[in-house]
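The values are calculated or read from the model by the stated rules, or taken from the named source; none is laboratory data. All of these numbers come straight from a predicted model, not from anything done at the bench. Cβ coordinates were reconstructed from backbone atoms using ideal geometry, including for glycine residues, and neighbour counts include every protein chain displayed. Areas reflect the complete protein model, heavy atoms only, side chains present, ligands, DNA and RNA absent. Shrake-Rupley method; radii C 1.70, N 1.55, O 1.52, S 1.80 Å.
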Amino acid sequence: MTMARIAIVGVGAIGGVLAGLLETAARHDLTLCTRRPLPVLQVDTPEGQVHVRATNLLTPERATSVDWVLVATKTYDAAGARLWLKHLCGPTTRIAVIQNGVEHREHFAPEFDVLPVIIDVPCERRPDGSILQRSSALLRVESSAEGAAFARLFANTLANVDITTDFVSAAWHKLCINAAGVVSALTLKPAGVLADPALGQLAVDLIAECVAVARAEGATLPDDTGARILANYRAGSPDSINSLLADRIAGRPIEIDARNGVIVQRGERHGIPTPLNRMAVALMKGMA
Ligand SMILES: NC(=O)c1ccc[n+]([C@@H]2O[C@H](COP(=O)([O-])OP(=O)(O)OC[C@H]3O[C@@H](n4cnc5c(N)ncnc54)[C@H](OP(=O)(O)O)[C@@H]3O)[C@@H](O)[C@H]2O)c1
């Protein structure tokens, strides 16, 4: 497998995990594009500690074209990421956007054609800048030439890359999980809060709205999606803190538009009412 020149734009929790994985492939030329200096990057993975060796760039103007750009900013930072893309992209550069939500392409079109990527990996950036990856990473991409090329970047790493012929359903299923996460963010309590019967039912009802909109968008999701997701939340760690809650606690901007907000917006497009998600968005924005 030949070496690729890869730039990661946004090296927080997810960008850090991706850098750690690509470092273990030991054949890529990595550039980390950040807003603040990142002299060292240490990723603590379930398999041990990884020290990433990479060039660190702080200003887009200093960037030159690469083979791949992996964008791992929050969804609301797409404008800043686009500035990097202008300098990192040449005629053959491929771009992957690794974010939650279902608007990967919309956030970068028409200027840039991007490969949407969904990632499942619980991780966080510690105050000292190191990254804690709590379990193995699963990346999902669509079945296409770009999807296959993206998967090859991670060959011989511990990442699982799932190439799916139904990416739409995969992305909306992840959004269903995220839709329920707003209950934690609203109550300021970790995932264990969903053990409460009334809040558990609220999660299922939020997901039911998401499933209805997802189906109108072309996704195939079973009727028991909400019940299954709630069961998974209840079987998981009660102390788990989702990123919406973490951002609210830290006083950072929140990704509510890309999570519950897009359910409301797409619901309007299809004439599907989404009153619970609408209320969640209004409350989260009102408290921000
Ligand atoms: N964390 C998780 O467990 C998880 C799991 C699955 C999916 N996701 C999704 O993955 C995406 C990334 O989340 P995250 O948790 O990794 O967020 P994060 O920890 O906040 O990292 C985002 C990074 O982007 C950087 N950034 C923003 N604008 C930039 C710019 N113009 N130039 C360079 N860097 C810039 C931020 O820089 P600063 O450090 O300067 O703020 C930050 O380091 C989100 O869509 C999230 O929902 C997260």
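Restricting attention to the chain, close to 30% of DSSP beta bridges with both partner residues there are antiparallel. Calculate, for the chain, the solvent-accessible area per residue in square angstrom, rolling a 1.4 angstrom probe over the heavy atoms of the protein chains. Accessible area per residue: 46 Å². Think of it as helices only: each DSSP H run of n ≥ 4 in the chain is worth -39500 (n - 2.57), and spread over all residues that comes to -12500 deg cm²/dmol at 222 nm. Each Lys and Arg contributes +1 and each Asp and Glu -1, all at the Cβ; summed about the Cα centre of region 183-288, the dipole is approximately 180 debye.
Shape of the chain from its Cα gyration tensor (a ≥ b ≥ c, root eigenvalues): rounded if a/c is under 1.5, otherwise prolate when a/b > b/c, or oblate? It comes out prolate by the Cα gyration axes.
Accessible area of MET3 (1.4 Å probe, protein heavy atoms only, ligands and nucleic acids ignored): about 110 Å². Placing a label point 7 Å from the Cα of THR93 along the Cα-to-Cβ direction, the residues of region 19-61 whose backbone N falls under 15 Å of that point are 30-34, 57-61. I'd like the FRET efficiency for VAL168 and LYS285, computed as 1/(1 + (r/R0)^6) with the beta carbon distance as r and R0 of 25 Å, rounded to 0.05. Here the calculated transfer efficiency is 0.35. Between the residues VAL40, GLN99, LEU88, the greatest Cα displacement towards the positive end of the dipole of region 1-147, with unit charges on the Cβ of Lys, Arg, Asp and Glu, is found for VAL40. Here the simple spin-label model places points 7 Å from the Cα toward Cβ, and for THR59 and ALA26 these points are separated by 3.7 nm. Peptides 248-256, 100-108, ordered by how many other C-beta atoms sit within 10 Å of their residues on average, highest first, read 100-108, 248-256. The listed peptides 225-235, 179-189, ordered by packing as a protection proxy, come out as 179-189, 225-235 (highest mean of other Cβ atoms within 10 Å first). Each label was represented as a point 7 Å from its Cα along the Cα-to-Cβ direction; for THR34 and GLU106 these points are 3.2 nm apart.
Shown for the chain: the carbon plus sulfur share of the solvent-accessible area, taken with all protein chains present and a 1.4 angstrom probe, equals 54%. Between the listed residues THR220, ASN56, ILE119, the Cα displaced farthest toward the positive end of the dipole of the chain, a dipole computed from Cβ unit charges relative to the Cα centre, is found at ASN56. Put SER130, SER237, SER144 in order of accessible area, highest first, and with a 1.4 Å probe you get SER237, SER144, SER130.
Once both axes come from the Cα atoms, what is the angle between helix 167-187 and the longest principal axis of the chain, in degrees from 0 to 90, rounded to 10? In the chain, helix 167-187 runs at an angle near 70 degrees to the longest axis.
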